[in-house]
Structure formats: structure tokens, C-alpha cells
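Comments concern the structure below.
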């Protein structure tokens, strides 16, 4: 059960349930056209990786990710009301309605945001880590990387740079097996993605079962400690997304058998099992957590619905500081 | 006031900013011990050490992007791209991240960084060491773009750029790095980003230019004044983004004739925007067609000397264009 208290384990569970309920409602709201736009990339199924790894961080550490960013923002502690308001494109959203689903960010909790240009955030992660090294403030940057991003130039340049400059960054590859619809084996000469670390002289923390938040936490804790003291580390988490690449992608429905295998090991269920093993009487606590998560999400939806739209002034502000 | 070359003035500006603010650091290819490909940072490594003069891998997108990340996190990077021609791998980072960050985060983060790149032709640099790239970036709100033509402005604008809370690109006329000399004020000063400079006063026609072309325009203006009695007002635009419309229009109001000179390709080059401003907002002052004199619309500056010279704008071509316009 790693080194976590029951309270911490329940907190981990709370975050995962909150993400799941948030995503479920986002999908419905998108179908109802309350959430607009042409993009919505859901995190269902990958909660164990995000929550497990971020549990190894201090609040002063930094997190940056790609476009599948709702769950990452929630786990880093961004305000759920303002995250939902951003989905709605409201003025009160974390990005003032300018960003939407893929471009959440909340500086107050060191959540550096989601990025729509695949791999484009990786050198930024290195830059943020450079500041930590420059000031010797021992802050770690946890950079999530989709499996698809490991084949573009950003990945290569950023990993090399982090190695030669000994930057305190943990590269966490969320391998959900598909880059949009293309299987990793089809796009990647070496599908065991963690092995890339060796080529760059980066400490390889291997593959971890991303459906088990405690397994992810255990390896992330080691990797974060390593990065804080020595330099870059790399983890590959094998995970699975239950939804399409985006809401308009229905291809995933063809993968029923494969999905059933992963859903049988759903990170929420895995976490429930861990907790029940620790305390057979925990079930009522879990139900209460779920009920509270649902209420948090409904309250966030109300907040978003009642929030004002941005105005023309918002269109033309925040161009120059 | 001591006389200095353009590159020495830039170096002095960086030196002073490194001394003033411990958050300032310089990164790029060979900027450390070697002092940079053009020796812009020569001697700074010895003075400030490897923590602040950081040799980067040969990877332009990373040079820029690490600067963006560091700037977001609170440092003040100066990123050197060896030649403006090599900036294209970093285009995405400049346009998609640096320019948009303040906007997309609704003011949570700004990007106080400087990107320096030598630009321009006429040095035998051929296809990939001669380009003018400023127009690409002047199309992107969120960025600032400056091009100094004098040592005093090079130093002053660089110091302003380092202190600016926004991403600033400085394109430096490399042909003039050592050939352009000028007085540089002693003591602390900055040149504000924004205002253009009247390099030469005149009443017959307005000549707009930046970078190396300012010197060629001044030379041509002297020649036509001497030989033809034509008095040109030469405007050194200095800051291309944001553009100083007021100075541009003030001069046009006086002269009613405009020649815009730039060494980038003619079509949709920076002068096209100056022309649009003049016709939109200066129509009532107009006495002649607005003329642009610029590089030919060819994909690159070719290597062969006669071809390069055919491409490049020079004082003779400018004098010819001035005479034609004055006679209109």
C-alpha cells in the first residue's frame, strides 16, 4: 500500500472519481451543445496515471501536459468551477474563455496547461526546469507526453537538452496505445517507449501499469526524487482511454474486446479494491466520496452556466503585457 | 560619446543587462566560450560564467522554447539564433507559444524574452545566410519586432527588449555589424520600443526604411540633395511591431510622397503594410503613387555575386527611385 495513509488513499480515490464524473458530464454537455467547439478530449480510463504520478509531487512542483488536460488540471488542484467555466467558454474560466478544453492552465497551482500542438510543450517543460536549476530551488517539472508525441522532433530535442543540462524534469509517457487511431506499433520502431531514455542518457524508470494508481505513485515517487537531486527521469505508463481521441472520434467503439480487458482493471475499481483490502468497512466512505464528486461537478456546471460570456474587450485584451 | 560598431554596442548592451539583473542569461549555439558566431557575446563567458552564457545544442526550436519556458517561470533569457535563416525550426514556438501565451492564459503568464538574429543579404551568404524574415513575425500580434540601424539604437533597443515584459525579436543587420559605426551615449540609457526615428529631415518626399537600408537611403538622400536639390526625409522605422503610425503619417503629411525601401521580397513585405497605412490614413496628403523599392520576388538571395547584386537594394537604385518619384 506504498507509504500512504488511509486518508491519503481516500484523497487519491476522491481525485479520480472527481475526474471521472467531470468527464462524464462534459461528454453529455457537449452532446447537448452546452460545451461548444470542435474539440473535447476526455481522460476517462487514464485517471490512475495522472492522479498516481501527481501524488508524488509537492505543491511547489510543476505540471504540464498535452491537450487531454482536464484530469491533469483537476489533480493539480485547479478550481473545478473555473475549469468547467472554461469548457463553456465563459469569462470566468481559467483561461478567460480564450482557451477552452485543450488550453486550460492555472498558475496559482503550478498547472502550466494543456497544449494543442503535439509535443510543443516538451521544450517549455525543459525551460521551466531550467529556471528551477538556475535558481537552485529544487522544484521538479512533471511533463506528461502522449505516445504519439514521442516521434516528433520536440521529443528528441527536449530529452537531449534535459540530459545535457541535468534538468529536474520527469518525462512521463502516457502510452494509451494509440496516437489518435494509429497503434504505437505502427508508428514507432521501438514500441517499448521507455527504452528511448537510454539513448539520451536519461534515467529509465521503465514501464508501469497505468491502471493501478498505487503502482504509478510508487515509481513516480522514485523518479521525482531522482529528478530533484540528479536530473531527468523517464517513465512509461501503460494506460487506456475509454473514449475516442476526441468526442467526434467513434472508432474506439470497434475495440470492444480490448477495451473490456482494460475496463476490467479500471483504475477506480483497482483503487477501491486496494482500499477494501485495507479496510473492509470503507464502502460507505467511497459512496460518500462519489456523491460529493457528483455534487461538485453539478455545482461547477451551475457556476459555468450562470457565468457571463466574454465581451469584445476580452477579444482585444491580453495581447501585450 | 565614444564611437562604436554595431556589434560592440550590442555586446555592451548585453553586458550591462547581465550585470544589472541576475535573471538575465544568454543561450544559443557557441555563445559561451567561443563568443558566438559573430562574436556578439565575446568575453561575456569569462565575465559571467557558464551558468549565464549557456551553450545550447544545435537545435533552434529548443533554443527558443527553453527561453519561453524559462521566461514564463521568471527568468530573462536572451536567445541567439546564429542566422535569421535558421529561425524557421523555431517558428512554431515563437508564433504558437511565445506570442499567444499572455493571451491564451488571460494574463496569467507573460513571456519576457529576447530573440536575437542577424539578418539580411549582401555578404555573399547565399540562399540560407541572407534572408530577411521580419515580415513573417510582424504578422503576429503578441510579438514585438525591432531592427536597429545604428549602434546607439542597437544597444538602447536591446536593453529595452531585455526589460520588456513581452517577447521581443531583434533582427540585426549583419552586413553592418562592423561597417556601421556611430556614437553611443555614455552611461545608462535605453531606446524605447515603439517610436520611429527621423534620420534625416526633408520636405520633398518621405523615405521609409529600417536596418541596413537606412544607411543606403541616407546616402542616396545626400546624393540627390547634392545633385538634384531634392530634400528627402528619411524615417528609420526601428520598431516594426508595434508600428509607429504617427511618425509615418506626420512625415507623409509634410511631403505627400512616399518611398518605402526594404531588402526583403517585395510582395507582402513589411513595406506593404506601411503602404497600406499611408493609403488608409494618409489619402488626403497623397501627391503621388506610394512606391516600394524592395528585393525581387525570388525564393532566396542567390550565391553568384552578380545575382546577389541584382537582388540587393543599393544607394544607386534608391537614388534612381527617389528621382522618379520626385519628378511625378
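Read-outs: derived from the displayed coordinates by stated rules, not from any lab. Because the structure is a prediction, the values reported are computed rather than measured. Backbone-built Cβ (ideal geometry, glycine too); neighbour counts: all protein chains shown.
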Practice problem: Please work out the C-alpha center-to-center distance from region A:271-294 to region B:267-328 and express it in whole Å. | Solution: 74
Quiz item: For region B:1-132, what is the convex hull volume of the alpha-carbon atoms per residue, in Å³?
Solution: 127
Quiz prompt | Rg over Rh, two decimals, chain A (C-alpha only, Kirkwood Rh) | solution = 0.95
Self-check item: Whole-angstrom gap from region A:215-251 to region B:55-77, using each part's C-alpha centre
Solution: 25
Quiz item: Say each of residue B:203 and residue A:306 gets a label point 7 Å from the Cα, pointing the same way as Cα to Cβ; how far apart are those two points in nm?
Solution: 6.9
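Using the Cα atoms of region B:197-326 to build a convex hull, what is its mean projected area in square nanometres? Write out the running numbers ahead of the final one.
Details: hull surface 30.0 nm².
Convex hull of Cα atoms, orientation-averaged projection: 7.5 nm².
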Self-check item: Hydrodynamic radius by Kirkwood, which averages 1/r over all alpha carbon pairs of chain B, in angstrom
Solution: 20.0
Quiz item: Between B:108, B:82, B:308, which gets the highest mean-square fluctuation from a Gaussian network model of chain B, Cα cutoff 10 Å?
Solution: B:108
Quiz prompt | Relative contact order (percent, whole number), region A:6-306, Cα cutoff 8 Å, 6+ residue spacing | solution = 24
Exercise. Would you mind calculating the relative contact order of region B:3-183 from Cα pairs under 8 angstrom and at least 6 residues apart, reporting the percent as a whole number?
Key: 27
Quiz item: Taking a temperature of 4 °C and a viscosity of 1.567 mPa s, what whole-number D in µm²/s does Stokes-Einstein yield for region A:77-184 with Rh from Kirkwood over alpha carbon pairs?
Solution: 86
Quiz prompt | Over the protein assembly as shown: helical MRE at 222 nm, DSSP H runs n ≥ 4 each giving -39500 (n - 2.57), nearest 500 | solution = -12500 deg cm²/dmol
Quiz prompt | Relative contact order (%) - region B:197-326, alpha-carbon pairs under 8 angstrom, separation at least six | solution = 29
Quiz item: What percentage of all Cα-Cα pairs in region A:1-67 are separated by more than 15 Å?
Solution: 62
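When the convex hull of the C-alpha atoms of region B:111-178 is computed, what volume per residue in Å³ does it have?
With only Cα atoms used, region B:111-178 gives 78 Å³ per residue.
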Exercise. For a footprinting-style exposure proxy, rank B:286, A:12, B:4 by other Cβ within 10 Å, fewest first.
Key: B:286, B:4, A:12
Quiz item: Mean projection of the alpha-carbon convex hull of the protein assembly as shown over all orientations, in nm²?
Solution: 31.1
Quiz item: Hey, with R₀ at 35 Å, roughly what FRET efficiency would residue A:278 and residue A:107 work out to, going by the Cβ-Cβ distance, to 0.05?
Solution: 0.45
Quiz item: If we count other beta carbons within 10 Å of each Cβ, what is the order of A:65, A:311, B:150, fewest first?
Solution: A:311, B:150, A:65
Quiz prompt | Convex hull volume per residue for region B:250-312, taking Cα atoms only, in Å³ | solution = 79
Practice problem: Determine, from the Cβ-Cβ distance of residue A:288 and residue B:300 and an R0 of 45 Å, the FRET efficiency 1/(1 + (r/R0)^6), rounded to the nearest 0.05. | Solution: 0.10
Practice problem: Calculate, in nm to one decimal, what residue B:222 and residue B:39 gain on full extension: separation in residues at 0.36 nm each, minus their alpha carbon distance. | Solution: 62.6 nm
Quiz item: R0 = 22 Å: FRET efficiency of residue B:309 with residue B:181, Cβ-based, nearest 0.05?
Solution: 0.40
Quiz item: Sorted from fewest to most neighbouring beta carbons within 10 Å, what does the list B:138, A:26 look like?
Solution: B:138, A:26
Quiz item: Please state the equivalent ellipsoid semi-axes for region B:138-274: what are the square roots of 5 times the Cα gyration tensor eigenvalues, largest first, in whole Å?
Solution: 24, 18, 14
Quiz item: Radius of gyration and Dmax for region A:207-318's Cα atoms, expressed in Å?
Solution: 20.1, 57
Quiz item: Which distance in Å, rounded to a whole number, links the C-alpha centroids of region B:84-119 and region B:203-249?
Solution: 30
